[in-house]
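Shown next, in structure tokens, is the structure this report addresses.
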Amino acid sequence: MNETTSHISVMVQEVVAALSPRDGDVMVDGTFGGGGYSRALLRSARCSVYGIDRDPSAIARAASIVREFPGRLTLISGTFGAMVQLLAAQGVDAVDGIALDLGMSSDQLEEAERGFSFQADGPLDMRMGSTGISAEGIVNTYSEQALAGIFYVYGEEERSHAIARAIVAARAKGPITRTLELANICAKAIGRGANGIHPATRTFQALRIYVNDELGELARGLSAAEQLLRPGGRLAVVSFHSLEDRMVKRFLQERSGRVVHASRHLPPRASNGPAASFEVTAKRAIAPSKVEITRNPRARSAKLRSATRTAAPAIPFDAVAAGVLPEMRA
Ligand SMILES: C[S@@+](CC[C@H](N)C(=O)[O-])C[C@H]1O[C@@H](n2cnc3c(N)ncnc32)[C@H](O)[C@@H]1O
């Protein structure tokens, strides 16, 4: 197994500063990826880290980092949405810090066989783990209506109906199995828009989010973090698009007892429910520096939000009711 990663960690210093590990702390890196955050946390204090990733190849690549920090890094295969159960199996029920760096890694994007890229030909897979329905399954079996819904909701694609119609017409001639095939269908259906982004960008984003239930995972992950963090424990979440950032922002607003706008069309509602379970120090999200974006263009859309756990009990988070998780599961 090749142990090198091509992933460049995003806002790693900012994340370590937000989590500020101390000697003896127990930290969770919920999205281990290339291990950049775990390594930085382990270097910054004599803490221990549980690194979770749903992608078995990320775990398999980690052997050298495990050797670098003997006895301090434990890798767990699974999803961060299930981290309460995954850590319980390790005998851990409370932690001092949790990092989530959402989405896919460069290792996943660059491996054409994983099917995440519309620029390299590969099978239409897009599963970060090895279970569940693939993008190919969705594209070839879901109704036109359901496809349009996925592209609109998860890709914020305004031409979702035109793309869904083109997919249904193309698959009538034979199954769509390759990434470039789908990218060409999108390009023919909607052409290049004024914004200059590739016409398949939003469709691929939507399929990836749907295939991996990324928003459901985020809702479960935030709730799990609230259950696991000790009073004074820190949470840091790096997101890459507005759907994710909106969920993190709303969750932290609600949990820190600030005014919640469920919708901008509704009057503001003061959160007068249970005691605040998080304290948010920086109200605005932190963005990467210009220097970092120049060095790593993938960082350009990143936003970091962080918060500190209070002693108040955890409360179930209903992401649908909070208006951040679409009810649509076609
Ligand atoms: C952006 S990368 C993380 C990079 C990492 N912070 C680093 O510095 O190398 C995201 C990683 O999280 C994993 N991932 C995404 N969603 C996940 C989930 N719900 N549970 C566990 N791992 C997940 C992906 O497989 C990928 O390896």
Taking Cα atoms only, helix 144-155 is inclined relative to the longest principal axis of the chain by an angle, in degrees rounded to 10, of 40
Sorted by chain and then number, the residues having a modelled amide H within less than 5 Å of the amide H of I52, at least 5 places away or on another chain, are D29, G30, T31, F32, I76
Partner lysines whose C-alpha sits under 26 Å from that of K249, ignoring same-chain residues fewer than 8 away, are K283, K290, K303
The ³J(HN,Hα) series, computed from each phi in the range 29-40 with the Karplus coefficients 6.51, -1.76 and 1.60 at θ = phi - 60°, rounded to the nearest Hz and given as x for glycine or proline, is 9, x, 9, 4, x, x, x, x, 5, 4, 4, 5
With R₀ set to 41 angstrom, the calculated FRET efficiency between the beta-carbons of Q119 and A94, to the nearest 0.05, is 0.40
Dividing the mean separation of Cα pairs under 8 Å (6+ apart) by the residue count of the chain yields a relative contact order in percent of 17
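To the nearest 20 debye, what charge dipole does the chain have about its Cα centre, counting +1 at the Cβ of each Lys and Arg and -1 at the Cβ of each Asp and Glu?
Details: 39 positive and 34 negative charges, 177 e Å.
Using Cβ point charges on Lys, Arg, Asp and Glu, the chain gives about 840 debye.
Where does each of S6, S117, S106 land when they are ranked from fewest to most other beta-carbon atoms within 10 angstrom? List each step's numbers first, then the result.
On the way: S6 11, S117 20, S106 15.
Fewest-to-most Cβ neighbours within 10 Å comes out as S6, S106, S117.
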Convex hull around the C-alpha positions of the range 130-211: the volume in Å³ per residue is 84
Across D213, D107, D23, the residue with the highest GNM fluctuation in the chain (Cα network, 10 Å cutoff) is D23
Amide H contacts under 5 Å for F278, restricted to residues at least 5 apart in sequence or on another chain and with H modeled in the peptide plane, are S256, T310
Non-local residues with an amide H under 5 Å from the amide H of G233, with H modelled 1.01 Å from N and Pro and chain starts lacking one, are R309
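So if we plug the beta-carbon distance of T201 and E3 into 1/(1 + (r/R0)^6) with R0 = 35 Å, what FRET efficiency do we get, rounded to 0.05? Could the numbers behind the result be given before it?
Working: r = 31 Å, r/R0 = 0.89.
Efficiency computed from Cβ-Cβ geometry: 0.65.
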From the Cα centre of the range 44-106 to that of the range 119-141, the distance in Å is 25
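Mind sorting I185, I98, I286 by how few other Cβ atoms lie within 10 Å of their own Cβ, fewest first?
Details: I185 21, I98 27, I286 18.
Fewest-to-most Cβ neighbours within 10 Å comes out as I286, I185, I98.
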Taking a crude spin-label model, label points 7 Å out from Cα along the C-beta direction, the T177 to T281 distance in nm is 5.4
Rh_Kirkwood(the chain) over Cα pairs, Å, one decimal, evaluates to 20.7
For the range 204-215, in residue order, the Karplus 3J(HN,Hα) values (coefficients 6.51, -1.76, 1.60; θ = phi - 60°; whole Hz; Gly and Pro = x) are 5, 4, 4, 5, 5, 5, 5, 4, 9, 6, 5, 6
Footprinting proxy, T294, T79, T201: sorted fewest to most Cβ within 10 Å, the residues are T294, T201, T79
Per the Kirkwood formula over distinct C-alpha pairs, the hydrodynamic radius of the range 271-316 in angstrom is 13.0
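Read-outs throughout are calculated quantities, based only on the coordinates presented, and are distinct from any laboratory measurement. If you're wondering where the values come from, they're calculated on a predicted model, not measured in any experiment. Counting neighbours? That spans all protein chains shown, and the Cβs are built from the backbone with ideal geometry, glycine included.
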